[in-house]
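What follows is a short report on a single structure.
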Amino acid sequence: MREQPSTNPDYCAFDVGGHARYRNSTQSHSSTIPAPAATLTALPTVSRTRKLKVRVALATEEAGNFIAVEKGFFKDVGLDVELVTTQGTPGEVIPLVAVGQLDLFSGAIQAAPVNARTQGVEVTIVVGEGALRRGNVFHIYAVTKQLYDRGARSVSDLRGRTLAMPSDAGIDLLELKKVLESGNLTLDDVKLQLIRLPDMPTALQNGAVEAAELVEPYATIATKQLGAAVPLVAGDAIVDIVGDNFPISVIVVGPPMLKDPALLEAFLVGYLRGARYYLQALKDPAARAEVIAILKHRTPLKDDKLHEQMTWPGVSADGTFDITKLEEAQQLWRQRGEIKQTVPVDQLVDFLFVTNAARQL
């Protein structure tokens, strides 16, 4: 589940940066990492307990952060991590990260921070979180039950239809573009309507829109609980179109954290332990029950039945993703006037710190 405010295209987190550079920008980071690590020994720690403030979205793909706090993974490396869940657009939060009033910022990929980078605000993506991964694709493209019953059964049948999206300036737009191309359509062949994710099931039910990109748990609510929508493209069929490990959300830092690599890597060790425990929960019923309890505590999703019915989000086990998707997204945002210029991807992303952290697990 991804937290979204109204229809503001600046919402959700995604940021840009400068200081440390990604060491191998020509390679694609789409590989899958091993199963969750066993009990850790000799964890790296900071010299004294440090408090960090991390802005997170109230979303299931934030599970790595929630688990790391609840299970003490951050404390194991000498960190007292406060998860801040107040609303805020990138334009409001990026300056706080840049000057260290917030230490890290987590959320969905948007165009607004690219614009910030061109204005000299230096923040850097250091780890990928939620992703569309084979077996854990938590997006679907659906039409209303009425439209489906009238014969709309494929992507090509979306021509001329009103389609709900949470933003027209996020990486979701690249995803939608690729899905439409699979039916020989373009973005100009549909009528985009920006709607908050929680409002989409009702909008489909009452006919306010004819189709939607639905994100869990709203995909399950719309299709299984309300019976208001029928999927046209879902599950691994989306991965077949957009590619595996398609990035959805990331963690971002500013210059103050980049100047303290030991502190940043300690945080990432804790985060990766949380992410890998989440991945363990996808297969282990005992771990799954524990993670559900954590998510019920940390997010608005309190319904046990929804947790059982929905597709759980994919999460990157090593914190990397295919950075070429950022290049494609920027080209699309520029074509549609969301950004004035693109930023080289090796200035947006630095996976050195999370790679070092993964070696310590």
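Quick notes on this one:
- Computed from label points 7 Å out along Cα-Cβ, the spacing between E308 and K283 is 2.3 nm.
- DSSP-loop trypsin sites (Lys or Arg not before Pro) across the range 132-181, with at most 11 other Cβ within 10 angstrom: R150
- Surface composition of the chain: carbon and sulfur make up 46 percent of the accessible area, probe 1.4 Å.
- Cα gyration tensor category, rounded, prolate or oblate, for the range 281-361 with a/c compared to 1.5: oblate
- Taking every DSSP helix (H) stretch of at least 4 residues in the chain, weighting each as -39,500 (n - 2.57) and dividing the sum by the residue count yields a mean residue ellipticity at 222 nm of -9500 deg cm²/dmol.
- With Cα atoms defining each centre, the range 185-204 and the range 128-161 are spaced 11 Å apart in the structure.
- Among the listed values [x] 111, 59, 47; [y] 58, 46, 38; [z] 65, 48, 34, the one matching Cα extents along the principal axes in Å as calculated from this structure is [z].
- Within the listed set P166, P344, P285, the Gaussian network model of the chain (springs between alpha-carbon atoms below 10 Å) gives the highest mean-square fluctuation for P285.
- Neighbour cut-off at most 11 other Cβ (10 Å), DSSP loop, trypsin sites (Lys or Arg not before Pro), the range 252-318: K283, K302
- Out-of-range pairs (alpha-carbon distance over 24 Å; input K75/K305; K53/K259; K51/K325; K75/K325; K53/K75; K71/K302): K75/K305; K51/K325; K75/K325
- Selected from S182, S316, S167 as most flexible by GNM, with the chain as the system and alpha-carbon contacts under 10 Å: S182
- Highest mobility in the GNM of the chain, judged by mean-square fluctuation with C-alpha springs under 10 Å and restricted to V239, V253, V315, is found for V239.
- Packing-based ranking of 119-125, 185-191 yields 119-125, 185-191, ordered from highest to lowest mean Cβ neighbour count within 10 Å.
- Paramagnetic reach from Q335 (point 7 Å along Cα→Cβ, amide N under 15 Å) across the range 176-219: 176-190
- Solvent-accessible surface of the chain, averaged per residue with a 1.4 angstrom probe and all protein chains in place: 38 square angstrom.
The values are calculated or read from the model by the stated rules, or taken from the named source; none is laboratory data. Keep in mind the model is a prediction, meaning the values are calculated, not measured. Positions of Cβ are generated from backbone atoms using ideal geometry, with glycine treated the same way; all protein chains shown enter the neighbour counts. With ligands, DNA and RNA removed, areas are computed over all heavy atoms of the protein, side chains included. Shrake-Rupley method; radii C 1.70, N 1.55, O 1.52, S 1.80 Å.
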